[in-house]
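K.L.:
What follows is a structure written as structure tokens; I'll ask about it next.
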Amino acid sequence: MNFSRVKLLFLSIFLALNAFLIAQWLDLQSSVSVYAQPVSDQLAHAQSVLAMYHVRLDAGIPASPTQMGLLRVARDGTGLVGIAATMFGVKPAQAQKWRRGPTHLDAPGAQYAELAPGSFVVRFRPPVVLQRAPFSRQHVNTEDWHTWLQKHGYNADNYEELNSSGGDKRESVTYDQTLAGYPVFTARLVLQIEAGKLTALTQQSLVLTNAYAPRPIINAVSALLSLADFLDKTGMSADNTIQNIRIGYAALLTTPTQWVLAPVWRMQTTRGVFFVNALSGEVGVGLQ
């Protein structure tokens, strides 16, 4: 037996098989690229599916990060004395002298009350009034209150406005705390304004304890398709309009001391708010 010829034969077969497999792989890649659906087509498909459930899209599709990680957070442990001292711009030793009980503190012109660890309400007596320049015809707006909050609020630099509701006589302005660069939709700061005067402030404050490794997330269009699938499974079919879509975080698991936040797509609609888990596509209904 001529082993050299056998060896050459096996080598030829091996090379031919590799060439065949490479050709098949290139052909498959070409087919995938040809049939990959453009984002615009995906969006059109999502809109048509949502329309079957009487849901209209009246919101822009935001750019999406490709990866986000879970966040572990804890409730802010700062006590009422520390919070009040920060908001009044005084030293804690001075705030210690104000009258206080187990869950409340009476400061000059305001009462602080603890609602839960990391959550408190401030009631202003008398209400806070923003002074405009004499003879100014401009009305106080949410930007003015945000400026006030930056100066007098607790940890206010880490909050961004989400929305406002109400009218001239009574209005609520809602802010979300930001962590790792994104809003946390379940950590709120709310201003209660009556007749243009700030009467109360309710706030929840978290601290970041751990950021887990980033993982791939679904984009906003995929989240819309998840919403359509949710509507189909729950039998929800009513006239509705999606007004706003944002990426951020919401509580996935809550314990008495720590929370785990998951990346979510928040969809504000005329009938309420939907949260789509950006990791799993699971849909839930949340607060405004």
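K.L.:
Look at V32 and say whether it is hydrophobic (A, V, I, L, M, F, W, C), at pLDDT below 50 and exposed (fewer than 10 other Cβ atoms within 10 Å of the Cβ).
P.N.:
Yes: the conditions hold for V32.
K.L.:
Then there is this: From V190, V184, V273, V260, which residue is over 30 Å from A84 (Cα atoms) and surrounded by 15 or more Cβ atoms within 10 Å (Cβ to Cβ)? Walk me through it before giving the result.
P.N.:
Numbers: V190 fails: over 30 Å from A84 (Cα atoms); V184 fails: over 30 Å from A84 (Cα atoms); V260 fails: over 30 Å from A84 (Cα atoms).
Unique residue meeting the criteria: V273.
K.L.:
Confirm whether L225 is among the aliphatic types (A, V, I, L, M) and under 30 Å from W145 (Cα atoms).
P.N.:
So L225 fails the test.
K.L.:
Further question: Give the residues of region 58-93 that are crowded, with 18+ Cβ neighbours inside 10 Å, part of a loop (DSSP other than H, G, I, E, B) and among the aliphatic types (A, V, I, L, M), sorted by residue number.
P.N.:
L70
K.L.:
Can you work out which of the residues in region 159-173 that are surrounded by 18 or more Cβ atoms within 10 Å (Cβ to Cβ) and within 13 Å of the chain's Cα centre (by Cα) is modelled with the lowest pLDDT?
P.N.:
Checked region 159-173; the qualifying residue modelled with the lowest pLDDT is L162.
K.L.:
While we're here: Considering only residues that are part of a loop (DSSP other than H, G, I, E, B) and of a type outside the set (S, T, Y), which ones fall in region 100-133?
P.N.:
G101, P102, P108, G109, P117, G118, V129, L130, Q131, R132, A133 - these are the residues of region 100-133 that are part of a loop (DSSP other than H, G, I, E, B) and of a type outside the set (S, T, Y).
K.L.:
Just one of V121, V129, V173 is in contact (Cβ under 8 Å) with a residue 60 or more places away in the chain and touching a Phe, Trp or Tyr at 6+ places or on another chain (Cβ under 8 Å); which is it?
P.N.:
V121
Here's the yes/no breakdown for (1) charged (D, E, K, R); (2) more than 12 Å from the chain's Cα centre (by Cα); (3) closer than 21 Å to T269 by Cβ; (4) in a strand (DSSP E or B):
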position	(1), (2), (3), (4)
T186	no, no, yes, yes
V190	no, yes, yes, yes
T202	no, yes, no, yes
A213	no, yes, no, no
T241	no, yes, yes, yes
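K.L.:
Could I ask something else about it? Based on this model, can you work out whether S237 counts as outside any strand (DSSP E or B) and either under 19 Å from T186 (Cα atoms) or modelled with pLDDT of 90 or more (or both)?
P.N.:
When the stated conditions are applied, S237 does not pass them.
The values are calculated or read from the model by the stated rules, or taken from the named source; none is laboratory data. What you are looking at is a predicted structure, and each value in this text was computed from that prediction instead of being measured. A quick note on method: Cβ atoms are made from the backbone with ideal geometry, for glycine too, and the neighbour counts reach across all protein chains shown.
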